[in-house]
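Heads up, the thing below is written out as structure tokens.
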Amino acid sequence: MRVGFFVTCLVDLMRPSIGFAALKLLESAGAEVHVPAGQTCCGQPAYNSGDRRDALELARKFIGEFEDCDYVVAPSGSCSGMVRTHYEELCAADPALAARARALAAKTWELTAFLAEVLKVDAVPGSFAGTVTYHDCCAGLREMGVKAQPRALMAKVAGLAVAEMAEPETCCGFGGTFSVKFGEISARLADNKCGHIAASGADAVVMGDLGCMLNVEGRLRRRGDAATRVLHVAEVLAGVHPERGKG
């Protein structure tokens with residue numbers, strides 16, 4: 001099984017530990033992981049901003065880099081959702097490219113869904129001494145159907161307990177450029193989310209998209225919460241995550 005791993009822009013630039021954690025999980029489950037060295041962006045920021053020309057060129061590049069793999073996996077519901085949900089429509093003016101996009105979409109997965117549903121992992125290498133709460137990121141939930149999979153996998157982590165927050169499916173306010181264009185609304189949504197996290201009593205909040213992590217962590221710190229850790233689910237499952245106070 002040859003698995004193409006899409007690192008994502010944010011992970012590459014902001015938190016590489018997520019990428020290394022995902023690689024550890026995939027390889028420990030027996031996958032042969034291929035990481036195209038020239039990969040860049042899936043095109044989602046351009047697409048969401050209305051720049052279809054650049055989004056199309058990035059989609060064409062992405063398809064060429066990954067279409068020979070048996071599967072494509074990303075530690076991000078938003079990036080995998082871009083490929084799965086939007087690529088075929090984006091490429092519609094070129095029927096041949098649209099067909100390639102459709103074929104790629106059919107084998108593109110969000111990380112936890114792939115681990116749970118395709119690889120069917122029955123053990124994970126990570127451990128965590130404490131309680132976490134989980135935020136369901138919008139794109140992963142609504143475009144990729146990610147809900148039960150991360151929770152089922154976290155149940156296999158030694159020492160970890162899950163305390164569900166109120167409204168785990170409600171947006172954190174990030175939404176890519178939404179947080180820039182509608183800053184006041186975004187801040188209110190983030191405040192609501194941080195309040196639910198605090199009320200859960202968890203030591204850490206876990207989620208599957210780094211954009212949401214950055215938004216939530218920034219708001220937590222501005223509210224004066226320096227203790228609650230903000231972790232990617234891959235980091236928790238693999239046991240590859242920053243020490244307390246560093247992430």
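The values are calculated or read from the model by the stated rules, or taken from the named source; none is laboratory data. Please read these numbers as outputs of a predicted model, since none were measured by experiment. Ideal geometry is used to build each Cβ from the backbone, glycine not excepted, and the neighbour counts take in all protein chains shown. The area values use the complete protein model at the heavy-atom level, side chains included, leaving out ligands, DNA and RNA. Shrake-Rupley method; radii C 1.70, N 1.55, O 1.52, S 1.80 Å.
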Express in nm, to one decimal, how much length is gained between Arg221 and Thr170 on full extension, taking 0.36 nm for each residue of separation and deducting their alpha carbon distance. 16.3 nm
With the dipole of the chain defined by +1 on each Lys or Arg Cβ and -1 on each Asp or Glu Cβ, the option from Ser17, Gly183, Gly4 whose Cα lies farthest towards the positive pole is Gly183
From Cα coordinates alone, what are the radius of gyration and Dmax values for segment 176-247 in angstrom? 12.3, 36
For the pair Ala163 and Asp70, what calculated FRET efficiency results from E = 1/(1 + (r/R0)^6), where r is the Cβ-Cβ distance and R0 = 22 Å, to the nearest 0.05? 0.05
Using the Cα centre of segment 28-152 as the reference point, and only Cβ charges (+1 on K/R, -1 on D/E), how large is the resulting charge dipole? Debye, rounded to the nearest 20. 240
Mind checking which of Met207, Met154, Met14 has the largest fluctuation in a GNM of the chain, springs on alpha carbons under 10 Å? Met14
Do any trypsin sites (Lys or Arg not before Pro) in segment 175-228 lie in a loop, going by DSSP, with at most 16 other beta-carbon atoms within 10 Å of their beta carbon, and if so which? Arg223
J(HN,Hα) series, segment 108-121, from Karplus relation 6.51 cos²θ - 1.76 cosθ + 1.60, nearest Hz, glycine and proline x: 9, 9, 6, 3, 5, 5, 5, 4, 7, 9, 9, 7, 6, 5
Rounding to the nearest 20 debye, state how big the charge dipole of the chain is about its Cα centre with +1 on each Lys and Arg Cβ and -1 on each Asp and Glu Cβ. 420
So between Val35 and Asp191, what do we pick up on full extension, going 0.36 nm a residue minus the alpha carbon distance? 52.5 nm
Counting only DSSP loop positions in segment 94-192, the GluC sites (Glu not before Pro) whose Cβ has at most 14 other Cβ atoms within 10 Å are Glu164, Glu169
Using helices alone, I'd like the mean residue ellipticity at 222 nm for the chain: each DSSP H run of four-plus residues gives -39500 (n - 2.57), total over residue count, nearest 500. -13000 deg cm²/dmol
How much of the accessible area of the chain, probe 1.4 Å, is carbon plus sulfur, in whole percent? 55
Assuming R0 = 35 Å, can you tell me the calculated FRET efficiency for the pair Ala99 and Met14, based on Cβ-Cβ distance, to the nearest 0.05? 0.55
Fraction of the pair-distance distribution of the chain above 23 Å, Cα-Cα pairs, percent: 48
Counting Lys and Arg as +1 and Asp and Glu as -1, each charge on the Cβ, what is the dipole of segment 113-247 about the Cα centre in debye, to the nearest 20? 260
What residue among Val240, Ala198, Ala59 has its Cα farthest toward the positive end of the dipole of the chain, where the charges are +1 on Lys, Arg and -1 on Asp, Glu, each on the Cβ? Ala198
Ranked by GNM mean-square fluctuation in the chain (Cα springs under 10 Å), the top entry among Gly211, Gly183, Gly175 is Gly183
Once both labels are modelled 7 Å past Cα along the beta-carbon direction, what's the Lys156-Phe178 spacing in nm? 3.1
For segment 4-45, what D do you get in µm² per second when you plug the Kirkwood radius from alpha-carbon pairs into Stokes-Einstein at 10 °C and 1.306 mPa s? 145
With springs connecting C-alpha atoms under 10 Å apart, model the chain as a Gaussian network and identify which of Gly173, Gly19, Gly159 has the largest mean-square fluctuation. Gly159
